[in-house]
Amino acid sequence: MISSVSCPVIDQAPAGPGIFTIRLKAPVLAAEAKPGQFVHVRTADGIDPLWRRPFSIHRVDRRRGILLLSYRRIGRGTSLLAGRTAGDTIDLLGPLGKPFDTAGRFDKAIIVAGGLGIAPVPFLLDALRKEGKRAVVLWGVRSKAEFFCLEALRGRKTAIHIATEDGSEGFHGRVTDLFGRLAAEFTAGSGFSGFACGPMPMLKTLQPLAAASGFPWQASLEERMACGVGVCQGCVVRMKNRQYRTVCADGPVFDLAELDFND
Ligand SMILES: Cc1cc2nc3c(=O)[nH]c(=O)nc-3n(C[C@H](O)[C@H](O)[C@H](O)COP(=O)(O)OP(=O)(O)OC[C@H]3O[C@@H](n4cnc5c(N)ncnc54)[C@H](O)[C@@H]3O)c2cc1C
Ligand code: FES
């Protein structure tokens, strides 16, 4: 049974416009977490707001027992979270959800991220590196000011390609256009496996391109959540076999090919 844990805030700093990275002392969570999992966060003391807010685990420092989250301030919960400072404690539930499978039979990962979909990627890269696997990251945002944590993404075994919708840096266009442009470099039979993290429209556009690549793709979904543990059915998504799955308990990581994005 997963129980909540009260975690002291070590510090919190702006990482980009309206984007924050918070470091929490959470030794058990840091030890148990796997990339792609999330924590369900009580953003204020007490019961208002009633529902927790889900955030991907951005990175862990297992030796020091530290868990990092990166998030964009978009509403009440994230505004309250942005106001938490060193010395406060925050109630976390987790680690929750199905993680990425990094141990499969591949030796190169292609990671496509849109916007704040980058949040779980540094942790994913750390896990891939430990397994001796190479990674290529394609990250797209609307404008270059939205890039953050680039230093955490760069490493000996990682290549990064960036895209901006307004052309202010990197490839001019969406990250899915960038993937289409580079797709010939990532061909079936050359040891690749795909990982995608981002908003639903990005995943929907990527799905046929990923299918054409000929190798398997895992996708991490972001849905609005309430309970976070598979009880309320508030976060269901439809699969191509017409069955429904909860993002919180059956996901957030799914086989991209199995998701049904049609309305
Ligand atoms: C598994 C998972 C992992 C996530 N990881 C991260 C992360 O690492 N970093 C991060 O910044 N965000 C992440 N999110 C999204 C994050 O949970 C929401 O941004 C947050 O709950 C918003 O809370 P709020 O109270 O500030 O906004 P609210 O006041 O609840 O909503 C403000 C506005 O944002 C919209 N909104 C709220 N939640 C979502 C959502 N999940 N998807 C799309 N629109 C939404 C609402 O419709 C509304 O328009 C994740 C979501 C899931 C399900
Ligand atoms: S949020 Fe309740 S089932 Fe997923």
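The values are calculated or read from the model by the stated rules, or taken from the named source; none is laboratory data. All values derive from a computational prediction rather than experimental measurement. Note: ideal-geometry Cβ built from the backbone for every residue, glycine included; neighbour counts use all protein chains shown. To get the accessible areas, we keep the full protein, side chains included, count just its heavy atoms, and leave off ligands, DNA and RNA. Shrake-Rupley method; radii C 1.70, N 1.55, O 1.52, S 1.80 Å.
Annotations for the structure displayed:
- Test for A44: is it in contact with a Lys or Arg (Cβ under 6 Å, 6 or more places away or on another chain) and either assigned to a loop (DSSP other than H, G, I, E, B) or within 11 Å of I57 (Cα to Cα) (or both): no
- Residue match in segment 51-69 (condition: among the aliphatic types (A, V, I, L, M), crowded, with 17+ Cβ neighbours inside 10 Å and more than 19 Å from the chain's Cα centre (by Cα)): no
- Close pairs (7 angstrom Cβ cut-off, 6 or more residues apart or separate chains): on the phi > 0 side of the Ramachandran plot in segment 23-47, assigned to a loop (DSSP other than H, G, I, E, B) and open to solvent by less than 20 Å² (accessible area, probe 1.4 Å) anywhere: G36/F100; G36/P120
- Of all residues making up segment 203-225, the number that are within 12 Å of ligand 1 (Cβ to nearest atom) and either basic (K, R) or open to solvent by 20 Å² or more (accessible area, probe 1.4 Å) (or both): 4
- Candidates G117, G65 - the one that is out of contact with any His (no Cβ under 9 Å at 6 or more places or on another chain), at pLDDT 95 or above and under 15 Å from I19 (Cβ atoms): G117
- Residue selected from segment 246-260 under the condition within 17 Å of F55 (Cβ to Cβ) and either open to solvent by less than 10 Å² (accessible area, probe 1.4 Å) or part of a strand (DSSP E or B) (or both), by the criterion farthest from ligand 2 (Cβ to nearest atom): V253
- Here segment 63-89 is the region considered, the condition is being touching a Lys or Arg at 6+ places or on another chain (Cβ under 6 Å) and assigned to a strand (DSSP E or B), and the residue that is farthest from P120 (Cα to Cα) is I66.
- Qualifying residues in segment 227-245 (those that are open to solvent by 20 Å² or more (accessible area, probe 1.4 Å), outside any strand (DSSP E or B) and among the hydrophobic types (A, V, I, L, M, F, W, C)) - the one nearest to T78 (Cα to Cα): C227
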